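These notes are about the structure you will find just below.
The values are calculated or read from the model by the stated rules, or taken from the named source; none is laboratory data. Treat the numbers as computed from the prediction; the structure is a model and nothing was measured. Positions of Cβ are generated from backbone atoms using ideal geometry, with glycine treated the same way; all protein chains shown enter the neighbour counts. For the accessible areas, the whole protein counts, side chains as well, though only heavy atoms, and no ligand, DNA or RNA atoms are used. Shrake-Rupley method; radii C 1.70, N 1.55, O 1.52, S 1.80 Å.
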Amino acid sequence: MVRVTVVYEAHLLRAALVELLESGGIRVVSSLPHWPQEAAEGAPPDVYVVDAECLAPAGAAPAACPAAEGSALLALIPAQRPGVLRRAHAAGATGFVDKNGSKGRLLEAVRRVAEGGRFIDDTLAAEFLQAAEMPLTRRELSVLALAAKGEPVAEIAATLYLSKGTVRNYMASVIRKVGARNRVDAIRIAQGAGWT
């Protein structure tokens, strides 16, 4: 029997996901609201079924890597969020299931990745193309992530050890690359795509 740990922030949806998996013959050994900060004690699960939005943002690795434990990572991907898909891929996911998909697809994906295979939901093919085309560099994402938190240019510069002029240049580049009107619009576009 496949052993699974579910990671999903919303309690009600996490409970529903646990029930869905168990009704399909999957044994859920634990469910967590956040990505584990360290490897679990005892035998690791065969698969982590994770809401991809719970994974670390671009440029940061998850605290505990499932592959290091011998576990597979199956990411639940929301529609129209190529940045979230990219984040799941960077975290080492071998399975990608559309959140709008069917129960059968999820159960098939869990079994396939538990056996060491890969699974990519057909509906995510276009999302993978968009994720591959993410226009921003890692440094631009860092600047944008701090700007999204409301940090002024001087604070961003100090945090990233850059000059204020360099931060302004990065922001101008981000605005141009994403086709935004201004800094706020660039943040909205990037967050909508799941890049930050």
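Cβ separations smaller than 8 Å between residues 6+ apart or across chains give the following pairs from region 165-179 residues that are within 19 Å of residue 154 (Cα to Cα) to residues that are outside any helix (DSSP H, G or I) and open to solvent by 60 Å² or more (accessible area, probe 1.4 Å): 175/181; 175/182.
Looking at 98, 51, can you tell me which residue is crowded, with 22+ Cβ neighbours inside 10 Å, closer than 17 Å to residue 16 by Cβ and at pLDDT 75 or above? Going through 98, 51 in turn, just one is crowded, with 22+ Cβ neighbours inside 10 Å, closer than 17 Å to residue 16 by Cβ and at pLDDT 75 or above: 51. Against the conditions (1) at pLDDT 90 or above; (2) part of a loop (DSSP other than H, G, I, E, B); (3) open to solvent by less than 30 Å² (accessible area, probe 1.4 Å); (4) not small (Gly, Ala, Ser), where does residue 35 fall short? Just the number, please. Residue 35 satisfies all of (1) at pLDDT 90 or above; (2) part of a loop (DSSP other than H, G, I, E, B); (3) open to solvent by less than 30 Å² (accessible area, probe 1.4 Å); (4) not small (Gly, Ala, Ser) except (1). Against the definition (at pLDDT below 90, under 19 Å from residue 102 (Cα atoms), open to solvent by less than 30 Å² (accessible area, probe 1.4 Å) and out of contact with any Leu (no Cβ under 7 Å at 6 or more places or on another chain)), how does residue 78 come out, yes or no? Here the answer is yes, as residue 78 does meet what is asked. Restricted to region 101-165, the set of helices (runs of 4 or more DSSP H) holding at least 1 residues that are among the hydrophobic types (A, V, I, L, M, F, W, C), touching a helix residue (DSSP H, G or I) at 6+ places or on another chain (Cβ under 8 Å) and modelled with pLDDT of 90 or more comprises 103-114, 138-148, 153-160. The residues on offer are 180, 157, 125, 114, and the sole one that is open to solvent by 40 Å² or more (accessible area, probe 1.4 Å) and either closer than 30 Å to residue 19 by Cβ or more than 17 Å from the chain's Cα centre (by Cα) (or both) is 125. Kindly evaluate residue 118 against the criterion of being farther than 25 Å from residue 191 by Cβ and touching a residue at least 24 places away in the same chain (Cβ under 8 Å). When the stated conditions are applied, residue 118 passes them. With respect to residue 194, determine if the residue is within 23 Å of the chain's Cα centre (by Cα) and at pLDDT below 90. For residue 194, the condition - within 23 Å of the chain's Cα centre (by Cα) and at pLDDT below 90 - is met.
Among the residues examined, residue 6 does not qualify as within 14 Å of residue 71 (Cα to Cα), surrounded by 14 or more Cβ atoms within 10 Å (Cβ to Cβ), out of contact with any Leu (no Cβ under 8 Å at 6 or more places or on another chain) and at pLDDT below 95.
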